[in-house]
């Protein structure tokens with residue numbers, strides 16, 4: 001057996017022994033994921049509203065929830081600071097208008113995305129802590145502040161997908177997206 005062959009065999013044995021030793025010392029973190037675990041996070045809402053839960057909310061209810069659970073980060077009437085404002089910016093996405101102001105009202109194409117995001121990620125320090133009724137109410141309030149719905153409108157699983165967002169037609173489909 002030549003020196004190169006001995007080196008290759010020796011390397012293979014060393015590699016196998018190292019892998020075996022590492023596997024034996026591998027930490028045992030976590031536990032297997034159950035279907036119940038997955039269901040708790042499988043809460044996506046599409047533009048058509050598929051997956052929206054029962055419940056409803058009004059602008060007045062949303063103003064109360066917003067003041068208690070959202071205003072500290074997003075400011076009074078959702079005006080926030082530049083990175084966390086939720087209202088305004090209408091018409092700022094045009095190339096000749098300067099830097100765009102991307103808010104729920106000026107940028108987001110679907111109202112259902114607002115429900116999905118608030119339910120999944122807000123408040124930032126307690127995600128998924130709002131009830132479905134609170135999420136509908138906050139969505140109603142933010143949509144109202146953006147001039148998208150009226151003050152007396154009720155938002156629920158039937159009405160939310162029908163809300164026409166100002167920038168709904170502002171996105172160009174990816175040309176190579178499978179159809």
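Residue-by-condition table, conditions (1) free of Cβ contacts under 8 Å to residues at least 24 places away in the same chain; (2) in a helix (DSSP H, G or I); (3) more than 15 Å from the chain's Cα centre (by Cα):
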position: 32; (1), (2), (3): yes, no, yes
position: 64; (1), (2), (3): no, yes, yes
position: 67; (1), (2), (3): yes, yes, yes
position: 89; (1), (2), (3): yes, no, yes
position: 105; (1), (2), (3): no, no, yes
position: 108; (1), (2), (3): no, no, no
position: 127; (1), (2), (3): yes, no, no
position: 135; (1), (2), (3): no, yes, no
position: 140; (1), (2), (3): no, yes, yes
Quiz item: Can you find even one residue in the range 113-121 that is over 17 Å from the mean Cα position of the chain (by Cα) and buried (at least 16 other Cβ atoms within 10 Å of the Cβ)?
Solution: no
Quiz item: Hey, among the residues in the range 91-103 that are assigned to a loop (DSSP other than H, G, I, E, B), surrounded by fewer than 19 Cβ atoms within 10 Å (Cβ to Cβ) and without any contact (Cβ under 8 Å) to a residue 60 or more places away in the chain, which one's farthest from the chain's Cα centre (by Cα)?
Solution: 98
Quiz item: in a loop (DSSP other than H, G, I, E, B), exposed (fewer than 10 other Cβ atoms within 10 Å of the Cβ) and at pLDDT 90 or above: does that describe residue 27?
Solution: no
Quiz prompt | Counted residues, the range 44-90 - those being modelled with pLDDT under 90 and surrounded by 19 or more Cβ atoms within 10 Å (Cβ to Cβ) | solution = 1
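The values are calculated or read from the model by the stated rules, or taken from the named source; none is laboratory data. Remember, predicted model here, so these are calculated numbers, not experimental data. Quick reminder, even Gly has a Cβ in these numbers, built from the backbone with ideal geometry, and neighbours come from all protein chains shown.
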